[in-house]
Amino acid sequence: MTQELPTAPVRVDAWIWSVRLAKTRSAAGAACRAGHVRVNGERAKPAQPVKPGDEVRLRQEGRERIVIVQRTVVKRVGAPVAAECLIDKSPPPPPRELLAALPVRDRGAGRPTKRERRETDRLKGL
């Protein structure tokens, strides 16, 4: 039995956690407090209510997730039920080859010199 009321508003942090967009509820709340969650284009606090039809944008792990609320759920649900509670409008993640091709500086190497920056720009084709 899923605890759902299709028209009842639910806290945005609880909804993000219950439909498995965040691993923990505290992580969902932290994302809201950090400004990584927007509901209908407005920055959301953890206790902001969401209802069916709302657009939720969540920035996590370097990409933006854009979902439309279909159904509100209070408790965490299984993956098949969670998929029914939202419409995912997110752009596809960047290919792994593109992420691997980005230059990575050694930790502690400091700021790049003008010469290193020019070499990086030349490699990028800029």
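Listed values, structure above:
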| item | result |
| --- | --- |
| Residue ID - farthest from PRO49 (Cα to Cα), chosen from residues in segment 85-112 that are at pLDDT 85 or above and under 18 Å from the mean Cα position of the chain (by Cα) | PRO92 |
| Residue count, segment 30-46 (criterion: over 19 Å from SER18 (Cβ atoms) and open to solvent by less than 80 Å² (accessible area, probe 1.4 Å)) | 3 |
| Matching residues, segment 47-64, being open to solvent by less than 50 Å² (accessible area, probe 1.4 Å) and either touching a Phe, Trp or Tyr at 6+ places or on another chain (Cβ under 8 Å) or basic (Lys, Arg) (or both) | VAL50, VAL56 |
| The one condition in (1) open to solvent by 90 Å² or more (accessible area, probe 1.4 Å); (2) part of a strand (DSSP E or B); (3) more than 14 Å from ASP13 (Cβ to Cβ) that VAL104 fails to fulfil | (2) |
| Residues satisfying the stated conditions in segment 9-29, i.e. part of a helix (DSSP H, G or I) and open to solvent by less than 50 Å² (accessible area, probe 1.4 Å) | VAL12, ASP13, ALA14, TRP15, ILE16, SER18, ALA27, ALA28, GLY29 |
| Pair list, Cβ < 8 Å and 6+ apart or interchain, from segment 63-81 residues that are closer than 23 Å to ASN40 by Cβ and acidic (Asp, Glu) to residues that are open to solvent by 50 Å² or more (accessible area, probe 1.4 Å) and part of a loop (DSSP other than H, G, I, E, B) | GLU64/PRO91 |
| Where ALA82 falls short, out of the listed (1) open to solvent by 50 Å² or more (accessible area, probe 1.4 Å); (2) of a type in the set (A, V, I, L, M); (3) in a helix (DSSP H, G or I); (4) modelled with pLDDT of 90 or more | (1) |
| Among (1) open to solvent by less than 80 Å² (accessible area, probe 1.4 Å); (2) modelled with pLDDT of 85 or more; (3) of a type outside the set (Val, Ile, Thr), the one test that ARG115 misses | (1) |
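The values are calculated or read from the model by the stated rules, or taken from the named source; none is laboratory data. All values reported here derive from a predicted model rather than from experimental measurement. Reconstructed Cβ throughout: ideal geometry from the backbone, glycine too, with neighbour counts over all protein chains shown. These area figures cover heavy atoms from the full protein model, side chains too; ligands, DNA and RNA do not enter into them. Shrake-Rupley method; radii C 1.70, N 1.55, O 1.52, S 1.80 Å.
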